[in-house]
Structure formats: structure tokens, C-alpha cells
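Inspection log for the structure reproduced underneath, given as C-alpha cells.
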Amino acid sequence: MACDIGIDLGTANIIITLSGKGVILNEPSVVAYDRKKRAVVAVGEEAYKMLGRTPEYIVAVRPLKDGVISDNDMTQAMIKEFIRKANSSFMVKPRVVLCVPSSVTDVEKRAVVEAALSAGARKVFLIEEPIAALIGAGIDISKPNGTMVVDIGGGTADVAIVSFNGIAASRSVKMAGNKFDAAIIRHITQKYKILIGEKTAEKAKMEIANVFNPDGSKKMIVRGRHLLKGLPESIEISDIDIDEAIHENAMEIVEQVKLTLESAPPELVGDILSNGITLTGGGALLGGLDKLISHHVGAPCFVADNAIECVARGVELAFKMSGELLDGFEQVKLYGYR
């Protein structure tokens, strides 16, 4: 039995889909490596638990930073293990489609392709995130009609205008979920002299953030360490606090949307006024972001259904469209690999 594996290679998480079964695996993009044995100890959820808790000879790292590969060897090891996990019950070598950010370099493309081939892939395809996001959101990109997507993940925000199965204009910025969390931690530290953890900052962002006209109605208690007393303390923060922390970051994404529109052909810009802007990825769920973009850009903006899994679903569906996609979906032979 043949099998097609789709991999959404994210900064924070790796999502794997299997043909006919949908999403089968969603785990953190972390790998633990034993320097003495020169072997991978764990990947995904198991490796995530080891972050900051390992002896010197075991390193637990995130090999993808800001949407790009920062450690080629670790990325290859991680992809290998995940493909083995997904393909353990199949005899036939799988076809693999890997999703990469639109800003990825040829060297990085080569690294992920070689990792997939060495893990036993029969054929490797690469697809760019904006294309996969739109397909996964259920939008028909085959017509010569402009559609705009803003895909906000953990490390990067990809902004692209797609028409006739290809990317007409795109920009990629290292401003996404991880930067929002860091900004919240920094703001709470400066304003209240209380240091909170990453998970607390992420929870506050998800539960009470409103980057468009916050009124202080959404509140929550956060706990952390008081920097002056050195003791545990809890305070109540509101959506105004979160807006103060991340408003500049959100406006950076708005600016990238504007710059992408400036570089696009005018006919396509006209299409976007009627078709609207689609938000995908975990960052799309940031409270008020769709209204903020719509207010500053002047085009309707909406969050896709099940925004977090849009890219992964698009990767799975891309196999059926491999003959139609003209841009952003490349077969390995184009690069002269084996």
C-alpha cells in the first residue's frame, strides 16, 4: 500500500498528515541529541520535556528559529524520526511533501530534501506556506483572481498574494507568536516588576488579547516572581496591558500587508477588495487582529476555519494538485538531486 506523508515544518510545532487520514501527529519541533553516543535520544513531545533539564552531554534544541533552519544536522535528524513514526506500518517508500516558509533559501531547501530522502522518501516535493495555507482554508487558487493570505505561525508571518496557482507578491517577516510572548513578558516585567514564564504569557495572549480598541473588560490573574522582593506574587492584568505590550508587533504585520499590496499588480489589488484577506496559523487567533488589519488596509479580513491546521491540511491536499500548481510546489528533480 502506497502512502503520502505531508509535513508542516513549523518553528514551534511539526504537524504531520497522512493521505486519507488527515492530521496524525502534532508535536513540538524539538530534538534531543546525545553527544557521547552521537545519536538522537528523542524528538517531539518527549524532547520538549527535556528542554532545560538535561545533563551536559545531551542537548535538547529547537532546530528551527524564526521560521528558518538554524541547525541543519538536527533538522535532518528530527525529520528522519518523524517520517519513521508516520511510516512505521507501511512497506512502500512514501512520497513526502514538505512545507517551507516563502523566505527559505536554496541551501535550506536542499537540507530538508536530503533529510527526507535519507529517511526513506521515494519522492520529495516542497510547497511554500502561503500556497498550502490557502488550499487548506478551502480557497480555490486556480483562477486568475487575486487572493491574499497572512499566515502567522510561531516564528514567521508570511504575507502573500496568490493568483492562478502561483505567488504574485510575497513578504516574510520574523514577527509571530514567539515574539508576541516575549513582548508580553518584557512589558509585565517593566510595568509591574514581576517576571512571568513563557507559558503564562502565551495563556494571557490567547485568552484576553485584543489589539483593536481594548477597553479593559477582559481580565485575568497572572502569577510570577517579584523582581525586587524575590518572592512569588500574583496580579490582575487586562486586555489593555496586553495591547500595550504587543501593539507595535501587530502593527508590524499590518505594515507588511501594506508593503505586499504596494508591490502587487493593480488588478490583483482590486480583487483583494472584493475577496478579502484570509488569516491562517495560530497567530490568526490573536484577538482583534482581523479588525486591526481591515481598519488600516481598507479590505475585509477574516480568520479561516481551523486556522492552526490550515497549512497541514493544504499540504495533504497538495498531492492531488501537484500537476496544477505552477509556483510554490516544486519537485526535487528541479534542483538536480538524485
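Quick notes on this one:
- Condition met for residue 201 (modelled with pLDDT of 90 or more and closer than 21 Å to residue 287 by Cβ): yes
- Considered as a group, the residues in region 167-183 that are touching a strand residue (DSSP E or B) at 6+ places or on another chain (Cβ under 9 Å) and among the aliphatic types (A, V, I, L, M) include one that is nearest to residue 263 (Cα to Cα), and that residue is 169.
- Just one of (1) of a type outside the set (Lys, Arg); (2) open to solvent by less than 40 Å² (accessible area, probe 1.4 Å); (3) more than 30 Å from residue 268 (Cα to Cα) fails for residue 231. It is (2).
- When the helices (runs of 4 or more DSSP H) confined to region 49-163 are screened for residues that are at pLDDT below 85 and surrounded by fewer than 24 Cβ atoms within 10 Å (Cβ to Cβ), those reaching at least 1 such residues are found at 72-87, 106-118.
- Looking only at region 203-228, and only at residues there that are in contact with a Phe, Trp or Tyr (Cβ under 9 Å, 6 or more places away or on another chain) and under 20 Å from residue 150 (Cβ atoms), the one that is surrounded by the most Cβ atoms within 10 Å (Cβ to Cβ): 209
- Yes/no for residue 260 being in contact with a strand residue (DSSP E or B) (Cβ under 9 Å, 6 or more places away or on another chain), assigned to a strand (DSSP E or B) and either touching a residue at least 40 places away in the same chain (Cβ under 8 Å) or aromatic (Phe, Trp, Tyr) (or both): no
- Filter result for residue 237 (farther than 26 Å from residue 99 by Cα, in contact with a strand residue (DSSP E or B) (Cβ under 7 Å, 6 or more places away or on another chain) and either at pLDDT below 90 or not in a helix (DSSP H, G or I) (or both)): yes
- Single unsatisfied condition, residue 167 versus (1) out of contact with any Pro (no Cβ under 9 Å at 6 or more places or on another chain); (2) touching a residue at least 12 places away in the same chain (Cβ under 8 Å); (3) under 24 Å from residue 308 (Cβ atoms): (1)
- Test: residue 257 is farther than 21 Å from residue 166 by Cα and out of contact with any Gly (no Cβ under 7 Å at 6 or more places or on another chain): no
- Region 270-288, subset over 24 Å from residue 163 (Cα atoms) and among the aliphatic types (A, V, I, L, M), residue least open to solvent (accessible area, probe 1.4 Å): 286
- Selection of region 198-234 for residues being in contact with a strand residue (DSSP E or B) (Cβ under 8 Å, 6 or more places away or on another chain), among the aliphatic types (A, V, I, L, M) and free of Cβ contacts under 8 Å to residues at least 40 places away in the same chain yields 204, 220, 221, 222, 227, 231.
- The residues of region 300-310 that are crowded, with 18+ Cβ neighbours inside 10 Å and closer than 10 Å to residue 276 by Cβ amount to a single one, 301.
The values are calculated or read from the model by the stated rules, or taken from the named source; none is laboratory data. The structure displayed is predicted, hence computed values, not measured ones. Ideal geometry is used to build each Cβ from the backbone, glycine not excepted, and the neighbour counts take in all protein chains shown. Note: areas computed on protein heavy atoms with side chains; ligands, DNA, RNA excluded. Shrake-Rupley method; radii C 1.70, N 1.55, O 1.52, S 1.80 Å.
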